[in-house]
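See below for the structure under consideration.
Bear in mind these aren't lab numbers, they're just calculated from the coordinates by the rules spelled out. These figures come from a predicted structure and were not determined experimentally. Using ideal geometry, Cβ is built from the backbone for each residue, glycine included, and neighbour counts are taken over all protein chains shown.
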Number of protein chains: 2
Amino acid sequence: MRTAAALVIGNELLSGKIQDQNVLVLARTLRAIGVELQRVVMVLDDVGTIAAEVSALSSTHDAVFTSGGVGPTHDDVTVAGVARAFGVPVARSPEIEVMLRGYYGDRITEGHLAMAKIPEGARLARNPAVPWPAIVKENVWILPGVPQIFAMKMPLVAEALGTGRGYVSLAVHTTLDEGNLKEHLDRVVSAHAQVDIGSYPTFDDVRYRTKLTFDGLDEVAVTSARDALLACLAPDSVVAID
Amino acid sequence: MRTAAALVIGNELLSGKIQDQNVLVLARTLRAIGVELQRVVMVLDDVGTIAAEVSALSSTHDAVFTSGGVGPTHDDVTVAGVARAFGVPVARSPEIEVMLRGYYGDRITEGHLAMAKIPEGARLARNPAVPWPAIVKENVWILPGVPQIFAMKMPLVAEALGTGRGYVSLAVHTTLDEGNLKEHLDRVVSAHAQVDIGSYPTFDDVRYRTKLTFDGLDEVAVTSARDALLACLAPDSVVAID
């Protein structure tokens, strides 16, 4: 199993000005290619904090994705943080500089050129369908915070890290509540260790009380866990089987 | 300044099945009462991970809020994680047991009673407007993951931690891009150290290119930073002043 972590950067998120939208998009991308997102950390725009976090996450996960803090202004310190985590200086990417000069032409300023900063030794991930590259330093992908642009980079991630096998997700919706399901769940969970089994009460859908989920990389094992749980339930308590 | 961290727990979030909604609600609650949310960590349903995280966050922040993992089933391990972080056993709360017995009556099961679990020595935060209490162990608030119920607990948080002074947030929307603003911003940022100044490009609003934000606990300082930046901008580049 391959593992991943995300580092979401931005005062605007922690102050409640905007809601993060990138974790969901990243999680779904990774799920479809069989990579487990194990941890997300959200921090303020502080270079020391980012460096410490990147250092910790990149040594304990196969891949790390940062989101945010990559523009040219004083509060964009992600590149400096990643560089510090790997003990390298911030450099200017000649390829990105060429792209910026092409885009801004005569209007280009030193401020615009600040967007060509990369941690020294980083590579650029690109493919023909994604015009602007993603910066990758070792196993750390430096991705933008703006949701539309973050989402545009996901094909690059899938292409680079795809395992050829995604997670299988099945579900059962039932009118039973968790208190009544607990005994059955405990038995099925202990007999199906490779399957991640979840139980989620609902409070805003009158059709069912609990959604049970069955996830894993092995379709046979996932199906077998779901069927084992279904066998414990009275048929009229089952509202939907996915 | 008082500080806070959040620990958001749940496989369903990291697998992209659902999107977290509680961080935004918590962030706004804390902002309004003058508490700085500095860090959010999202982890899987694993008792060891939760214990390590609670231990780290509770020793470095004035208050910690967990979200999720508080039901009766096998994947609800937050209470056990918080108990382990403080080196105490899981106990059963007599007050919560009475409430559960009142709610379920004769239909109550051991599964339902599992919802009375608390870390030994935890207190219950409650007020007349919030029928179900929140469990608080030392400086750690154990809150439910279901968004409607999480939001219902916010008045308890505000009542317990309110400082009587919230953050002041001002903003300027401008047609200038970040590359052209950088020089002005750098000057204003270095002259107004107490004010948190942010710069956010937009890609989906044709009326402006960049939103500049000015935040802090001191209204005079925040207003002064905003006005210093405004003084650098040509009036026709300013779309809105908040």
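So for the pair A:Met1, A:Arg187, with labels modelled 7 Å out along Cα→Cβ, what separation do we get in nm?
2.6 nm
Can you give the local net charge around A:Thr174? Use residues other than it whose beta-carbon is closer than 15 angstrom to its beta-carbon, Lys and Arg +1, Asp and Glu -1.
Taking every other residue near A:Thr174 into account, the sum is -2.
Enumerate the aspartates and glutamates that A:Lys153 could reach by cross-link, defined here as Cα to Cα under 17 Å, with residues fewer than 8 away along the same chain left out.
Counting by Cα, and skipping residues close in sequence, A:Lys153 has these aspartates and glutamates nearby: A:Asp20.
If you average the sequence gap of Cα pairs under 8 Å that are 6 or more apart and divide by the length of the stretch B:168-241, what percent do you get for the contact order?
It comes to 47 percent, rounded to a whole number.
Grab the DSSP H runs of chain A that are 4 residues or longer, score each as -39,500 (n - 2.57), total them, divide by all residues and round the 222 nm result to the nearest 500 deg cm²/dmol.
About -11000 deg cm²/dmol.
Report, in debye and to the nearest 20, how large the dipole of the stretch A:2-161 comes out about its Cα centre when Lys and Arg carry +1 and Asp and Glu carry -1 on their Cβ. If you can, show how the numbers build up before the last one.
Values: 14 positive and 16 negative charges, 73 e Å.
Dipole about the Cα centre, nearest 20: 360 debye.
Using the Cβ atoms and a cut-off under 14 Å, what net charge is assigned to the surroundings of A:Leu217, where Lys and Arg are +1 and Asp and Glu are -1?
Neighbour charge sum, excluding A:Leu217 itself: -2.
Just want the ordering: B:Thr60, A:Thr210, from fewest to most Cβ atoms lying within 10 Å of their own Cβ.
Fewest-to-most ranking of B:Thr60, A:Thr210: B:Thr60, A:Thr210.
Expressed as a rounded percentage, what relative contact order does the stretch A:1-91 have, with Cα pairs under 8 Å and six or more residues apart? Kindly include the intermediate steps, with their values, before the conclusion.
Numbers: 140 pairs, mean separation 33.7, N = 91.
Here the relative contact order equals 37 percent.
With label points built 7 Å along Cα→Cβ from the Cα atoms of B:Glu110 and B:Ala221, find their separation and express it in nm.
5.7 nm
Find which of A:Ala193, A:Ser169, A:Ile241 sits farthest along the positive direction of the dipole of the stretch A:168-241, computed with +1 on the beta-carbon of Lys and Arg, -1 on that of Asp and Glu, about the Cα centre.
A:Ile241
Mind listing the label-point distances from B:Pro235 to the same position on all other copies, shortest first, one decimal in nm, points 7 Å along Cα→Cβ?
7.8
If R₀ is 35 angstrom, what is the calculated FRET efficiency for the pair B:Arg207 and B:Thr60, using the beta carbon separation as r and rounding to 0.05?
Once the sixth-power term is evaluated, E becomes 0.25.
With contacts defined as alpha carbon pairs under 8 Å and 6 or more residues apart, what's the relative contact order of the stretch B:2-161 in percent?
Relative contact order for the stretch B:2-161 comes out at 25 percent.
What does DSSP give for chain A in terms of the percent of beta bridges that are antiparallel, rounded to the nearest 5?
Of all bridge pairs located within chain A, approximately 60 percent are antiparallel.
Kindly put B:Thr29, B:Thr163, B:Thr3 in sequence by how many other C-beta atoms sit within 10 Å of each C-beta, fewest to most.
By the 10 Å Cβ count, ascending: B:Thr163, B:Thr3, B:Thr29.
Efficiency by 1/(1 + (r/R0)^6): what FRET value for B:Leu124 and A:Trp132, r their Cβ-Cβ distance, R0 = 51 Å, to the nearest 0.05?
E(calc), rounded to 0.05, equals 0.45.
Which residues does the label zone of A:Gln194 cover in the stretch A:149-169, counting backbone N under 13 Å from a point 7 Å along Cα→Cβ?
A:168, by backbone N distance to the label point.
Shortest first, in nm, what separates the label point of A:Ala191 from those of the same position in the other copies (7 Å along Cα→Cβ)?
With the label placed 7 Å along Cα→Cβ, A:Ala191 yields 7.3 nm.
Could you let me know the centre-to-centre spacing of the stretch A:87-137 and the stretch A:1-29, using Cα atoms, in angstrom?
One Cα centre to the other: 23 Å.
Could I have the simple spin-label model distance between B:Ser237 and A:Cys232, label points 7 Å from Cα toward Cβ, reported in nm to one decimal?
Output for this residue pair reads 6.4 nm.
Could you please rank A:Ser58, A:Ser67, placing first whichever residue has the fewest other Cβ atoms within 10 Å of its Cβ?
Sorted ascending by nearby Cβ count, the order is A:Ser58, A:Ser67.
Over the Cα atoms of the protein assembly as shown, how large are the radius of gyration and the largest Cα-Cα distance (Dmax), in Å?
In order Rg, Dmax, the Cα atoms of the protein assembly as shown give 24.2, 78 Å.
What's the average, rounded to a whole number, of partner chain beta-carbon atoms within 10 Å of each residue's beta-carbon in B:183-195? Present the calculation step by step, with values, prior to reporting the outcome.
Working: counts 3, 1, 5, 3, 0, 1, 3, 1, 0, 0, 0, 0, 0.
Mean partner-chain Cβ count within 10 Å for B:183-195: 1.
Give me the net charge for the shell around A:Leu124: Cβ to Cβ below 15 angstrom, other residues only, Lys and Arg +1, Asp and Glu -1. Could the numbers behind the result be given before it?
Numbers: positive: A:Arg92, A:Lys117, A:Arg123, A:Arg126, A:Lys137, A:Lys153; negative: A:Glu95, A:Glu97, A:Glu120, A:Glu138, A:Glu159.
Summing Lys/Arg as +1 and Asp/Glu as -1 gives +1.
Look at the axis of the rotation that sends chain A onto chain B, then give the chain A residue with the nearest Cβ and the distance in whole Å.
Reported as residue, whole Å: A:Val41, 3.
Could you tell me the calculated FRET efficiency between A:Gln19 and A:Val98, based on Cβ-Cβ distance and R0 = 41 angstrom, to the nearest 0.05?
Plugging the Cβ-Cβ distance into 1/(1 + (r/R0)^6) gives 0.70.
Relative to 2.2 N^0.38 Å, what does the C-alpha radius of gyration of the stretch B:83-175 come to as a ratio? Two decimals please. Let's see the in-between values first.
On the way: Rg = 17.6 Å, N = 93, 2.2 N^0.38 = 12.3 Å.
For the stretch B:83-175, the normalised Cα radius of gyration is 1.43.
Please label the shape of the stretch B:2-161 as rounded, prolate or oblate, based on the square roots a ≥ b ≥ c of the eigenvalues of the alpha-carbon gyration tensor (a/c under 1.5 means rounded; beyond that, a/b larger than b/c means prolate, else oblate).
Note, shape of the stretch B:2-161 comes out rounded.
Inter-copy label distances at B:Trp132, 7 Å along the Cα→beta-carbon direction, one decimal in nm, shortest first?
Distances between equivalent label points, in nm: 4.3.
For peptide A:133-146, what's the mean number of Cβ atoms from other chains within 10 Å of each residue's Cβ?
The per-residue average across the peptide is 1.
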